[in-house]
1. Restricting the search to region 20-47, which residues are part of a loop (DSSP other than H, G, I, E, B) and without any contact (Cβ under 8 Å) to a residue 60 or more places away in the chain?
2. Only one of (1) at pLDDT 95 or above; (2) in contact with a helix residue (DSSP H, G or I) (Cβ under 8 Å, 6 or more places away or on another chain) is not met by residue 90, so which one is it?
3. Filter region 118-130 down to residues that are in contact (Cβ under 8 Å) with a residue 12 or more places away in the chain and either farther than 17 Å from residue 140 by Cα or not in a helix (DSSP H, G or I) (or both), then give me how many there are.
4. Here are 10, 103, 110, 93: which of them is free of Cβ contacts under 8 Å to residues at least 40 places away in the same chain, buried (at least 16 other Cβ atoms within 10 Å of the Cβ) and outside any strand (DSSP E or B)?
5. Can you confirm whether region 23-39 contains a residue that is surrounded by 19 or more Cβ atoms within 10 Å (Cβ to Cβ) and on the phi > 0 side of the Ramachandran plot?
């Protein structure tokens, strides 16, 4: 194992043991909120991810999640939460990150991910080599994608 692989493994374990964003969505008067549940039937991992979005700016003002599962699914949701929080991203920016993460995780490690876009999420690149773990890593990201679609539907209603 390379030193970088060891650091990535340590980051994943740290996020799974001390997850960021795990909890309930706090009250956000005036914000558009959405919540989505994702389940991996092959292993039993599940996540309920919720967001609050400022309707004026499209910025995700909070992301919170609850879940249970393997260290990969829990770490992935935690890393996603940290990215959203630290970058104070808009829904459009989140979509770019989701697409980049999906591409990284579906290329089976054959493509070098853009660390500027994905930040610490590049630590999950090795998961791409294990087909049965791809869905685990994607749970939170797919739930965020569904939340964004819900918020957009609210806006157009």
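The values are calculated or read from the model by the stated rules, or taken from the named source; none is laboratory data. Source: prediction; values computed, not measured. Backbone-built Cβ (ideal geometry, glycine too); neighbour counts: all protein chains shown.
1. Filtering region 20-47 for residues part of a loop (DSSP other than H, G, I, E, B) gives 20-21, 23-31, 40-45.
Hits for region 20-47 are 23, 24, 25, 26, 27, 28, 29, 30, 31, 41, 44.
2. Just one mismatch for residue 90, condition (2).
3. Kept after step one, since they are in contact (Cβ under 8 Å) with a residue 12 or more places away in the chain, are these residues of region 118-130: 118-129.
Filter again for either farther than 17 Å from residue 140 by Cα or not in a helix (DSSP H, G or I) (or both), leaving 126, 129.
Number of matching residues: 2.
4. Numbers: 10 fails: buried (at least 16 other Cβ atoms within 10 Å of the Cβ); 103 fails: buried (at least 16 other Cβ atoms within 10 Å of the Cβ); 110 fails: buried (at least 16 other Cβ atoms within 10 Å of the Cβ).
Criteria check complete, one pass: 93.
5. No, region 23-39 has no match at all.
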